[in-house]
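Worksheet: the structure to be examined is printed underneath.
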């Protein structure tokens, strides 16, 4: 019987994987090529391995989860994904084609296993979504304000050192020491911080997932959406949200430092080795700040848990005991009265 069930269970996933490979082969090939060539999304090369590790390490939870296939919702999601893929292909929009893959995988999970298994795979799906390059027009709308912010921070830092400087948009004009002509320092797209922002967001999701408090699934609060009130959910949300200001501020500090050094050592320090080295330093500092923020949240959560546990151990004063609590005390008092009466009779 096992031999007949096993091939049937393997046959379905293999068929689905073959169908996905046939439909999305061109999309995946272009996506992998962009991960390899575009430094803004080079972290995408690690995403398949991280997702594979998560699925393998959590395989017992997936196997033990209650399966409740939702054929209607799953089929609707798959049909919607195919329509999005068709629209993206017709309009030559790579983002729509790639985003349809996330919707397609979600629909397949709901179709075969249901909503509970989809909830267990939200983090792998979110990591895949974060690795999808956003449209260029949206990318520029985000990158250019970050360039302006970094250039303003650099000018503010240089003026703290009494360095004469002039800013025009994202171009900083300064006079290096031992120089007779002003030099221009341009905060280009690579220095906007959007690259570190996307990478740190992905790291924040991975860090929040692997450090999520086990057993904190929100069951104690009750209800289908009880997990929204759990400490683990809000801890993960705050970690991911904190990645945004951390990435922006650390990049602004990097640009400010290069601006100050450019005054003393020339604008050449903004290129070459120092530029690449400072980028790695920013990544490390940003992750350490994220780790420190997570440790602070853990400390607050532990103190809150200790207060709750100490409050449940001893009942507060002024609270009337319930009938269930009062019955043993009344019984003890009655027994003692009977014993005293019996002793007096004797």
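The values are calculated or read from the model by the stated rules, or taken from the named source; none is laboratory data. The structure displayed is predicted, hence computed values, not measured ones. FYI the Cβ positions are ideal-geometry reconstructions off the backbone, even for glycines, and counts take in every protein chain you see.
Odds and ends about this structure:
- When every residue of region 114-136 is checked against the conditions, none turns out to be over 23 Å from the mean Cα position of the chain (by Cα) and surrounded by 20 or more Cβ atoms within 10 Å (Cβ to Cβ).
- Selection status of residue 97, assigned by TED's automatic domain parsing to the domain that holds residue 13 and surrounded by 21 or more Cβ atoms within 10 Å (Cβ to Cβ): yes
- Tally, over region 38-78, of residues that are in a helix (DSSP H, G or I) and without any contact (Cβ under 8 Å) to a residue 24 or more places away in the chain: 13
Rundown of residues vs (1) out of contact with any strand residue (DSSP E or B) (no Cβ under 7 Å at 6 or more places or on another chain); (2) assigned by TED's automatic domain parsing to the domain that holds residue 42; (3) at pLDDT 80 or above, yes/no style:
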| position | (1), (2), (3) |
| --- | --- |
| 259 | no, no, yes |
| 266 | yes, no, no |
| 272 | yes, no, no |
| 276 | yes, no, no |
| 289 | yes, no, yes |
| 297 | yes, no, yes |
| 320 | yes, no, no |
| 324 | yes, no, no |
| 335 | yes, no, no |
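- Checked against the criteria, residue 108 does not count as assigned by TED's automatic domain parsing to the domain that holds residue 195 and either under 21 Å from the mean Cα position of the chain (by Cα) or touching a residue at least 40 places away in the same chain (Cβ under 8 Å) (or both).
- Each residue in region 61-92 was checked for being more than 20 Å from residue 108 (Cα to Cα) and either modelled with pLDDT under 90 or in the same structural domain as residue 142 (by TED's automatic domain parsing) (or both), and 2 pass.
- Subset of region 84-126 [under 24 Å from residue 34 (Cβ atoms) and out of contact with any helix residue (DSSP H, G or I) (no Cβ under 8 Å at 6 or more places or on another chain)]: 86, 90, 91, 92
- Every residue from region 105-122 that is under 19 Å from residue 24 (Cβ atoms) and at pLDDT 90 or above: 105, 106, 107, 108, 109, 110, 111, 121
- Of the residues examined, residue 12 is one that is more than 28 Å from the chain's Cα centre (by Cα) and either part of a helix (DSSP H, G or I) or modelled with pLDDT under 90 (or both).
- Counting only strands (runs of 3 or more DSSP E) that sit wholly inside region 127-201, those with at least 2 residues that are under 16 Å from residue 267 (Cβ atoms), touching a helix residue (DSSP H, G or I) at 6+ places or on another chain (Cβ under 7 Å) and modelled with pLDDT under 85 are 183-186.
- The sole residue among 96, 82, 20 that is within 20 Å of residue 128 (Cα to Cα), part of a helix (DSSP H, G or I) and under 25 Å from the mean Cα position of the chain (by Cα) is 96.
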